[in-house]
Amino acid sequence: MQITITVNGEPRTAEAEPRTLLVHFLRDNLGMKGTHWGCDTSNCGACVVLVDGEPVKSCTMLAAMAEGHEVRTVEGLERDGHLDPVQQGFMEEHGLQCGFCTPGMMLTARALLDSNPNPTDDEIRVAISGQICRCTGYKNIIKSVRWAAEHGEEVTA
Amino acid sequence: MAGTTERPTGFGRLKRKEDPRFIRGQGHYVDDVTLPGMLHGAVLRSPLAHARITSIDTSAAQQHPKVRAVITGKDLEAQGLAWMPTLSADTQAVLATDKVRFQGQEVAFVIADDEYAARDALELIDVDYEPLPVVVDPRTALDAGAPVIRDDKDGKSDNHIFDWEAGSEEECDRVFEDADVTLVTQEIPFQRVHPAPLETCGAVADYDAVTGKLRLWCTTQAPHAHRTLYALVAGLPEHKIQVIAPDIGGGFGNKVPIYPGYVCAIVGSIVTGKPVKWMEDRTENLTSTGFARDYLMRGRIAADRDGKIRALRVDVLADHGAFNATAQPSKYPAGFFHIFTGSYDLEAAYCTVKGVYTNKAPGGVAYRCSFRVTEAAYLVERMVDLLADELEIDPVELRMKNFIKKEQFPYTTRTGWVYDSGDYAATMNEALRIAGYDELRKEQAEKRARGEYMGIGCSFFTETVGAGPKKDMDIAGLGMADGAELRVHPTGKAVLRISVKTQGQGHETTFAQIVAEELGIPPEDVEVVHGDTDQTPFGLGTYGSRSTPVSGAATAMVSRKIRDKARLIASAALEVSPDDLEWERGRWFVKGDPEKGQTIQEAAFAAHGTLTLPEGVEGHLDAEAVYDPPNLTYPCGAYICVVDVDPGTGEVKIRRFIAVDDCGVRINPMIVEGQVHGGLAEGVGIALMQHIAFDDQGNCLSGSFMDYLVPSSMEVPDWELGETVTPSPHHPIGAKGVGESSNVGSPPAVVNAVVDALEPFGVRHVDMPVTPARVWEAIQHGTTRPPQ
Ligand code: FES
Ligand code: FES
């Protein structure tokens, strides 16, 4: 079937089987490899994207279900050549090592900051608790999100 | 040492060079590789732990419209590829021909147009199995009448793999006779765990029949070693094999071995004439690829009443699964387990290790540690705490009393290691200071009086990393030395090519910093090339914290060669003798006339220009080095864990964790701290939740992230770090390696803390993983059943 989804503000259409998961549609049908895949049971969060601004594990959703919705992926974080403060924060605070969990973590952070621009460390912890990072021990991810909260305006300015 | 006389330009908290691509989603992992006409493979796996294969019918799968080929063990047998050698001189089935020997074993390989179709077709393959009795518990593996798992091996009539020993039994016996106190433990298991990097294992094979060239993109921590092994096994000429490890989503030892899926992808590409991608799913990763630990240890420790520890003996039963596929230097079937004497000055030590086959997945990889060092550290640090309890001495005080003293280095242990350097008391004191140890003990006493269960656990570890000296250490016959090549282009910008491969450790940054430090050029001017065997010098790869100790040393040495050559060029350019030149950061200058000099950049241009070079000096500014380490390096650390235990639920909450690491000179402290954080989280995970468990039929009970629990942000505390710096005397920049230390040191600190919390219940030991159920059981009975 033909599936059309708005990804990072642009309508994207591709032919895919009805059973195609959103994560596979993004990666294999649209060639957007920034969204990762890490488990079979929706536990790891490597595949998190924003659907209408909310973090969603794209392995739990059929691509067809995303028709008519706005999907935002890591490729859509940088805008007009400006990094999102979350991206900058992850670099500043060494919030990534292998980088495999990073796209999902950054998108969750973006959604958190959109609804709560100045979260506490505990709120950040809870926000990312459905996602696994095997490299960083989480401390620097939390610091990265905090950095983004504190420096948001100056980066986007 | 660098840093004492001149300020280094290279070392320091440099932001990572690899980050800009990752934060934009532009990392390039194996699963991101897409080639024209690429097909997709999937592996059919055994549902049974031990069974004879009576027939395999692939005809229905072959009929599937999207299937291009189905490969079975029989097909591979015709090519002599049904079995492959492991890294431990054993053999492992690529695709089973006679029997399956663990649940999840590879039985057939389907190649189809897309991954969904390949997986659909797996269900069309009909395999008849005749179930056989299984061996799950290693304690029964050597029983008379136990089913023989490896009857493929000529004359094999039992499940025995090896017996190994280190130290002196005689001396140990003598001290045990003589000592005031001897303490013998029950079995202390280190449960089977899995590294579970977030990216699973996989490969893309692309064989070109015309040129005979095989390109293999692969999740490998050791691309060069893999290339040589493929050449030896498959008979492909080595110069026609290119192994590319692109960005790797974490490794932790899981990506050291060669897996059947890689070989199937290669065969698949040869058979179909198309590139073939194979990526395992999470269940396949957890149930079939390299596990870690699985040691049953029994300890015996001798001491005098005053707290002087005198001897330690350990007897280990090691479960290696169905194929002995541990990845470690050939001479050491139990890895470096004989570092079990830890950080203490003992009179005698002895260990035995017995390896056995069981119907479980093969492996025994060094999961974020040097080979079997984590098991050793756990054992000794539990024993010391048990002894402290017996002698009624504070566990920190007991450690302090028995530490190898600063002035005793280099120190030769009773099992033959030569520790390079350390100041254990200083490292321990720093941890006590950060923790506020005395205050914590006071708080604990008050809480106990109120019926609250707070525990304080300490551990002190010494690791042996950076394998290793060629004379002693090889993997599959390949000496563990690593190469580095450095080219300085005419404009002074440099390209460094290294044999090791980052899986997140940040080599592209830290190795540039080493060159920058040595040559006095900005780290941004150094491009680091790695992970492609056609582009880089030979070396054994990244595991066992060997990148900085071995390859980092090669990088320093090759930089120094460049510096020496630049001196000759400067002498020609400045028309002075090389002896009249002095080095300062980035520049040779004339002694007594500092204005007159030549920078590295100027020397680089001169080396490529028209200057007449001194006799014997070739043009260009390039060099190569191969570093064969004279010794391993010995990082150490003092860890303190504070827990609160809820006696009603058995839940353990880690409230604080203090980690003071001494890894010698720190190239990039930001990256070092990140490595420590990550290792701590994994160590806490191992202590509290990670466990690959089996039922009595050999069914794996931990095949997904629903059952194999790894820590989330909710289980880990806000790590508190500290440092001491004792440079390694034999390493060119004094660095020791750090990527794995905290995973080695943290499990005993957590368990010691939990046991300390449960002391009022008479609990002396709790096995890992310290789950709420196990803690609750300990509270009820004073002890726990060992994990299965
Ligand atoms: S891939 Fe693991 S949660 Fe989606
Ligand atoms: S950075 Fe590797 S999994 Fe998070």
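The values are calculated or read from the model by the stated rules, or taken from the named source; none is laboratory data. All values derive from a computational prediction rather than experimental measurement. Using ideal geometry, Cβ is built from the backbone for each residue, glycine included, and neighbour counts are taken over all protein chains shown. These area figures cover heavy atoms from the full protein model, side chains too; ligands, DNA and RNA do not enter into them. Shrake-Rupley method; radii C 1.70, N 1.55, O 1.52, S 1.80 Å.
Which of the residues that make up the range B:195-212 are within 15 Å of residue B:253 (Cβ to Cβ) and either within 11 Å of chain A (Cβ to nearest Cβ) or free of Cβ contacts under 8 Å to residues at least 12 places away in the same chain (or both)?
To start, the set of residues in the range B:195-212 that are within 15 Å of residue B:253 (Cβ to Cβ) comprises B:195-201.
Listed by number, the residues that qualify are B:195, B:196, B:197, B:198, B:199, B:200.
Pull up the range A:14-38, narrow it to residues that are within 10 Å of ligand 1 (Cβ to nearest atom) and assigned to a loop (DSSP other than H, G, I, E, B), then point me to the one that is nearest to the chain's Cα centre (by Cα).
Restricting to residues being within 10 Å of ligand 1 (Cβ to nearest atom) and assigned to a loop (DSSP other than H, G, I, E, B), the top hit is A:35.
Pick from the range B:637-654 the residues that are out of contact with any Phe, Trp or Tyr (no Cβ under 9 Å at 6 or more places or on another chain) and either within 14 Å of chain A (Cβ to nearest Cβ) or without any contact (Cβ under 8 Å) to a residue 12 or more places away in the chain (or both): which of them is surrounded by the most Cβ atoms within 10 Å (Cβ to Cβ)?
Only one residue tops the list, namely B:654.
Being away from ligand 2 (no atom under 14 Å from the Cβ), under 15 Å from residue B:193 (Cα atoms) and surrounded by 24 or more Cβ atoms within 10 Å (Cβ to Cβ) narrows it down to one of B:683, B:679, so name that one.
Every option except B:683 fails the conditions.
Which of the residues that make up the range B:176-187 are out of contact with any helix residue (DSSP H, G or I) (no Cβ under 8 Å at 6 or more places or on another chain) and over 11 Å from residue B:313 (Cα atoms)? So that I can check it myself, show each step before the final result.
To start, the set of residues in the range B:176-187 that are out of contact with any helix residue (DSSP H, G or I) (no Cβ under 8 Å at 6 or more places or on another chain) comprises B:176-180, B:184, B:186-187.
Passing the criteria: B:177, B:178, B:179, B:180, B:186, B:187.
For the range B:417-456, how many residues are open to solvent by 50 Å² or more (accessible area, probe 1.4 Å) and either closer than 30 Å to residue B:313 by Cα or in contact with a Phe, Trp or Tyr (Cβ under 7 Å, 6 or more places away or on another chain) (or both)?
2
Yes or no: residue A:41 of a type in the set (Val, Ile, Thr), within 16 Å of ligand 2 (Cβ to nearest atom), closer than 19 Å to residue B:200 by Cα and part of a loop (DSSP other than H, G, I, E, B)?
Here the answer is no, as residue A:41 does not meet what is asked.
Here are some conditions: (1) within 25 Å of the chain's Cα centre (by Cα); (2) among the hydroxyl-bearing types (Ser, Thr, Tyr); (3) buried (at least 24 other Cβ atoms within 10 Å of the Cβ). Residue B:269 meets all but one. Which one does it not meet?
Among (1) within 25 Å of the chain's Cα centre (by Cα); (2) among the hydroxyl-bearing types (Ser, Thr, Tyr); (3) buried (at least 24 other Cβ atoms within 10 Å of the Cβ), the lone unmet condition for residue B:269 is (1).
Whether any residue in the range A:21-30 is more than 16 Å from residue A:130 (Cβ to Cβ), within 11 Å of chain B (Cβ to nearest Cβ) and within 16 Å of ligand 2 (Cβ to nearest atom) is what I want to check. Before the answer, list the steps.
Our first condition is that a residue be more than 16 Å from residue A:130 (Cβ to Cβ); within the range A:21-30, this holds for A:21-22, A:24-30.
This time we only want the ones that are within 11 Å of chain B (Cβ to nearest Cβ), so: A:21, A:24, A:26-29.
If we keep only those that are within 16 Å of ligand 2 (Cβ to nearest atom) too, we end up with none.
Within the range A:21-30, not a single residue is more than 16 Å from residue A:130 (Cβ to Cβ), within 11 Å of chain B (Cβ to nearest Cβ) and within 16 Å of ligand 2 (Cβ to nearest atom).
Table: residues versus (1) at pLDDT below 95; (2) over 18 Å from the mean Cα position of the chain (by Cα).
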| residue | (1), (2) |
| --- | --- |
| B:235 | yes, yes |
| B:255 | no, no |
| B:263 | no, yes |
| B:275 | no, yes |
| B:284 | no, yes |
| B:295 | no, no |
| B:305 | no, yes |
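Given the conditions (1) farther than 25 Å from residue B:194 by Cβ; (2) outside the structural domain of residue A:22 (by TED's automatic domain parsing); (3) free of Cβ contacts under 8 Å to residues at least 40 places away in the same chain, and given that residue A:51 satisfies all but one, which numbered condition is not satisfied?
(2)
When residues of the range B:668-718 are filtered for being over 22 Å from the mean Cα position of the chain (by Cα) and more than 8 Å from chain A (Cβ to nearest Cβ), how many remain?
Going through the range B:668-718 one residue at a time, the tally reaches 11.
Of all residues in the range B:280-291 being surrounded by fewer than 24 Cβ atoms within 10 Å (Cβ to Cβ) and not acidic (Asp, Glu), which is nearest to ligand 2 (Cβ to nearest atom)?
The residue in question is B:282.
Give the residue that is nearest to ligand 1 (Cβ to nearest atom), with candidates limited to residues of the range A:51-68 that are assigned to a strand (DSSP E or B) and within 13 Å of chain B (Cβ to nearest Cβ).
If we take residues in the range A:51-68 being assigned to a strand (DSSP E or B) and within 13 Å of chain B (Cβ to nearest Cβ), then A:57 is nearest to ligand 1 (Cβ to nearest atom).
Restricting the search to the range A:130-157, which residues are more than 9 Å from every other protein chain (Cβ to nearest Cβ) and either open to solvent by less than 50 Å² (accessible area, probe 1.4 Å) or within 22 Å of residue B:715 (Cα to Cα) (or both)?
A:143, A:144, A:145, A:146, A:147, A:148, A:149, A:151, A:152, A:155
With the checklist (1) out of contact with any Phe, Trp or Tyr (no Cβ under 9 Å at 6 or more places or on another chain); (2) open to solvent by 10 Å² or more (accessible area, probe 1.4 Å) in hand, flag the one item residue B:726 doesn't pass.
(1)
How do the strands (runs of 3 or more DSSP E) wholly within the range B:122-219 filter down when requiring 2 or more residues that are open to solvent by less than 70 Å² (accessible area, probe 1.4 Å), over 30 Å from residue B:246 (Cα atoms) and not polar (S, T, N, Q): which remain?
Once the strands (runs of 3 or more DSSP E) in the range B:122-219 are filtered for at least 2 residues that are open to solvent by less than 70 Å² (accessible area, probe 1.4 Å), over 30 Å from residue B:246 (Cα atoms) and not polar (S, T, N, Q), what remains is B:126-131, B:160-167, B:181-193.
What number of residues in the range A:87-129 are within 15 Å of ligand 1 (Cβ to nearest atom) and open to solvent by 30 Å² or more (accessible area, probe 1.4 Å)?
1
Tally the residues that are within 11 Å of chain A (Cβ to nearest Cβ) and farther than 21 Å from residue B:251 by Cβ, restricting the search to the range B:6-22.
Residues of the range B:6-22 that are within 11 Å of chain A (Cβ to nearest Cβ), as a first pass: B:13-22.
Narrowing the set further to residues that are farther than 21 Å from residue B:251 by Cβ leaves B:13-15, B:20.
Number of matching residues: 4.
Among the residues of the range B:555-578 satisfying the criterion of being outside any loop (DSSP other than H, G, I, E, B) and among the β-branched types (Val, Ile, Thr), which is farthest from residue B:523 (Cα to Cα)?
It comes out as B:569.
Looking only at the range B:316-335, decide whether some residue is surrounded by fewer than 24 Cβ atoms within 10 Å (Cβ to Cβ), of a type in the set (D, E, K, R) and more than 22 Å from the chain's Cα centre (by Cα).
Scanning the range B:316-335, I find no residue that is surrounded by fewer than 24 Cβ atoms within 10 Å (Cβ to Cβ), of a type in the set (D, E, K, R) and more than 22 Å from the chain's Cα centre (by Cα), so the answer is no.
Any residue in the range B:41-51 that is away from chain A (no Cβ under 14 Å) and open to solvent by 50 Å² or more (accessible area, probe 1.4 Å)?
In the first step, residues of the range B:41-51 are kept if they are away from chain A (no Cβ under 14 Å); the result is B:41, B:43-44, B:46-51.
If we keep only those that are open to solvent by 50 Å² or more (accessible area, probe 1.4 Å) as well, we get B:47-48.
Yes, the range B:41-51 contains at least one residue that is away from chain A (no Cβ under 14 Å) and open to solvent by 50 Å² or more (accessible area, probe 1.4 Å).
Out of all the residues in the range B:367-402, which are open to solvent by less than 10 Å² (accessible area, probe 1.4 Å) and outside any helix (DSSP H, G or I)?
Across the range B:367-402, the qualifying residues are B:367, B:368, B:369, B:370, B:371, B:372.
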